[in-house]
Amino acid sequence: MAIRIRLQDIIDGMEWQSDEMTSYLNTRTGEVVTVAADHLAAAEEGEEDVELANWERDAMAVARAVVESTDYVRLPDQFEIDEYHMMERFADSCVEEGARIQLDRVLRGSGAFRCFKDTVNHLGFAKRWYAFRDRCYEEVAIEWCQAHGIDFEQTAERGRADA
């Protein structure tokens, strides 16, 4: 019997990712783990962990499992998630013309992410933006699960009970 994954676990793992961290799903257990890039590199090189603190030794054990096992599948990374495109879509969806123009302008300048979030807050659109962003993350997670043949369930707080 195939394991059923909570979609929210996938979304949480996606949100943890950065240039320095990568999240994986263990398709056998359903656990999502996030691993630091330096731990992955050390695990790939087979480095020993004799002088590490307990927490780092545990992190290295997870990194080694990710490297050595076929049970782990990498979650969508920041390029596949494309939060910049999400911000563009949100700006385009604003019915208030002045807000749409403001958001579009800040997306074209340097520091677009920070300026966009500051402008969203200034306009009083933070709740709308984060709801929109959550739906976009959910869409990416659903597409990823479907592409990998992963059975999932959505939680009630996300709006739907099952996939």
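The values are calculated or read from the model by the stated rules, or taken from the named source; none is laboratory data. Computed from a predicted model, the values in this text were never measured in an experiment. Positions of Cβ are backbone-derived with ideal geometry, glycine not excepted, and every protein chain shown enters the neighbour counts. For the accessible areas, the whole protein counts, side chains as well, though only heavy atoms, and no ligand, DNA or RNA atoms are used. Shrake-Rupley method; radii C 1.70, N 1.55, O 1.52, S 1.80 Å.
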If we keep only residues of region 106-134 that are modelled with pLDDT of 95 or more and not in a helix (DSSP H, G or I), then the residue surrounded by the most Cβ atoms within 10 Å (Cβ to Cβ) is PHE125
Of the candidates VAL95, VAL73, the one satisfying the condition of being open to solvent by 10 Å² or more (accessible area, probe 1.4 Å), closer than 18 Å to PHE132 by Cα and at pLDDT 90 or above is VAL95
Any chance region 141-152 includes a residue that's within 19 Å of the chain's Cα centre (by Cα), open to solvent by 70 Å² or more (accessible area, probe 1.4 Å) and touching a residue at least 24 places away in the same chain (Cβ under 8 Å)?
yes
Within region 1-49, the residues that are open to solvent by 50 Å² or more (accessible area, probe 1.4 Å), acidic (Asp, Glu) and assigned to a helix (DSSP H, G or I) are ASP12, GLU15, ASP38, GLU44, GLU45
Listed by first then second residue, the pairs whose first member lies in region 1-19 and is of a type outside the set (A, V, I, L, M, F, W, C), whose partner is crowded, with 18+ Cβ neighbours inside 10 Å, with beta carbons under 6 Å and at least 6 positions apart or on separate chains, are ASP9/VAL32; GLY13/SER23; GLY13/VAL32; GLY13/LEU75; GLN17/SER23
Meets criteria (aromatic (Phe, Trp, Tyr), farther than 26 Å from TRP129 by Cα and open to solvent by less than 90 Å² (accessible area, probe 1.4 Å)) for TYR84: no
Go through the residues of region 64-83 one by one and say whether even a single one is under 15 Å from the mean Cα position of the chain (by Cα), on the phi < 0 side of the Ramachandran plot and among the aromatic types (Phe, Trp, Tyr).
yes
